[in-house]
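The structure appears below as structure tokens.
The values are calculated or read from the model by the stated rules, or taken from the named source; none is laboratory data. Nothing here was measured: the structure is a model prediction, and the numbers come from that model. All Cβ positions, even for glycine, are placed from backbone atoms using ideal geometry, and neighbour counts span all protein chains on display. These accessible areas exclude ligands, DNA and RNA; they are computed on the full protein's heavy atoms, side chains included. Shrake-Rupley method; radii C 1.70, N 1.55, O 1.52, S 1.80 Å.
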Amino acid sequence: MIGLCDYLKSVTRAEHKLAEKALFARCFVRGAVEIDAYVQLLTDLRVVYRHMESIVATTSDPLTRRVWMPRLARSAAIAKDLEVHGTWAKPSDASAIYVDHLGRLAEQQPHLIVAHIYTRYLGDLYGGRILAKMVRRGLKLTTTDGTEFYEFGDDVMTLRTGFRASINELAISEQHKFQIGDEAIRAFALNRGIFEQLQPVSTTRMLKFAVATMMTNAPALQPSRRRTLPETIAPQTSR
Ligand code: HEM
């Protein structure tokens, strides 16, 4: 029988693709994120992680207790990053919706919290290093100060493997597995809600970026025509 972690990976594949395609994500992976958007993202994630981490610290749900590792906690690191940047944003409605949802789950269906632990922390463990590098590039940071959120220490591979295995090894009923799968899809949607209200860069720069991306992706365009794009429209040179 397929383990829960592998099952969640397969049922959220389409959601993951959608998340990667969001404009914010596409800008983010190119280091095209300005400080206001990054601070908004950190503020929203801080709200979500604080709530999630207060739930996991006190829950009696056996599934959560079996997979949770205190080393995964992110809220303190995010608070440190916000201090480095010297500013906080107003938490968005999307983060409030996420937190309300987590609170309801904790009260009514605590076994579904595992879906959120999987979605957030495994996602950070996989994508964190590269995203941190891109943030540092975009914001011209020379140390990890300000991107501690993405730092899990040197043995991130071991942590990732152990965390994956602990989710895969959970002994659960088929019914619970399907419910947790549905909940993981919801978790991706809630995260997309946070992404979608973010404006990664100023409107002018974003329009240039959107035009450049459309041109690069347009199948009808021949490479020779793509190369005629003015330098000023290319995402890397539009700062
Ligand atoms: C900037 C956009 C993103 C990029 C480029 C990205 C990239 C990646 C990559 C390369 C992996 C490893 C995939 C593999 O080994 O098969 C991964 C895994 C994962 N990502 Fe993302 N990701 C992004 C956004 C997200 C978001 C928004 C979430 C959810 C909040 C997320 C959650 C996950 C999860 C849960 C995994 C682990 C899948 C598994 O092996 O079970 N990712 N991501």
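Measuring with a 1.4 Å probe in the full set of protein chains, what accessible area per residue, in whole Å², belongs to the range 56-120? Spell out each step's value before the answer.
Working: 3230 Å² over 65 residues.
Roughly 50 Å² per residue, with all protein chains present.
Radius of gyration (Cα atoms) of the range 1-149, expressed as a multiple of 2.2 N^0.38 Å: 1.08.
Peptides 180-189, 83-92 ranked from most to least packed by the mean count of surrounding Cβ atoms within 10 Å: 180-189, 83-92.
Comparing mean-square fluctuations of Gln199, Gln175, Gln109 from a GNM of the chain with C-alpha springs under 10 Å, the top value falls on Gln175. Scattering from the range 12-53 was approximated by placing one identical point on each alpha carbon and applying the Debye formula without solvent; log10 I(q)/I(0) at 0.27 1/Å stands at -0.93. Between Gln197 and Gln108, the contour length at 0.36 nm per residue exceeds the alpha carbon distance by 29.2 nm.
The share of C-alpha pairs in the range 64-223 whose separation exceeds 29 Å stands at 32 percent. Think of the chain as a dipole: +1 on every Lys or Arg Cβ, -1 on every Asp or Glu Cβ, centred on the Cα centre; then among Gly153, Gly193, Cys27, Cys27 lies furthest on the positive end.
Note that the range 191-198 has calculated 3J(HN,Hα) couplings of 5, 5, x, 5, 4, 6, 8, 8 Hz, one per residue in order, obtained from phi through the Karplus relation 6.51 cos²θ - 1.76 cosθ + 1.60 (θ = phi - 60°); glycine and proline are x.
Just need log10 I(q)/I(0) for the range 121-179 at q = 0.12, 0.24 Å⁻¹, Debye formula, equal scatterers on the alpha-carbon atoms, no solvent, rounded to two decimals. Scattering profile of the range 121-179, log10 relative to I(0): -0.42, -0.94.
For the chain, modelled as a GNM whose springs connect Cα atoms under 10 angstrom apart, the maximal fluctuation among Tyr126, Tyr98, Tyr150 occurs at Tyr126.
About its Cα centre, the chain has a charge dipole of approximately 1000 debye under the convention of +1 per Lys or Arg Cβ and -1 per Asp or Glu Cβ, with nothing else charged.
With respect to the chain, whose longest principal axis is taken over its alpha-carbon atoms, helix 123-139 is tilted by about 30°.
Could you calculate the FRET efficiency of Phe178 with His16 from 1/(1 + (r/R0)^6), where r is the beta carbon distance between them and R0 is 22 Å, rounded to 0.05? Before the final figure, lay out each step's value.
Details: r = 19 Å, r/R0 = 0.85.
E between Phe178 and His16, to the nearest 0.05, is 0.75.
Helices in the chain, meaning DSSP H runs of at least 4 residues, each add -39500 (n - 2.57). Divided by all residues, the mean residue ellipticity at 222 nm is -20500 deg cm²/dmol. Note on Lys90: lysines with a C-alpha under 26 Å away, same-chain residues under 8 apart excluded, are Lys21, Lys80, Lys133, Lys140.
Give me log10 I(q)/I(0) at q = 0.14, 0.26, 0.30, 0.32 Å⁻¹ for the range 167-211, Debye formula, one equal scatterer per alpha-carbon, no solvent. For the range 167-211, the Cα-only Debye profile gives -0.55, -0.92, -0.99, -1.03.
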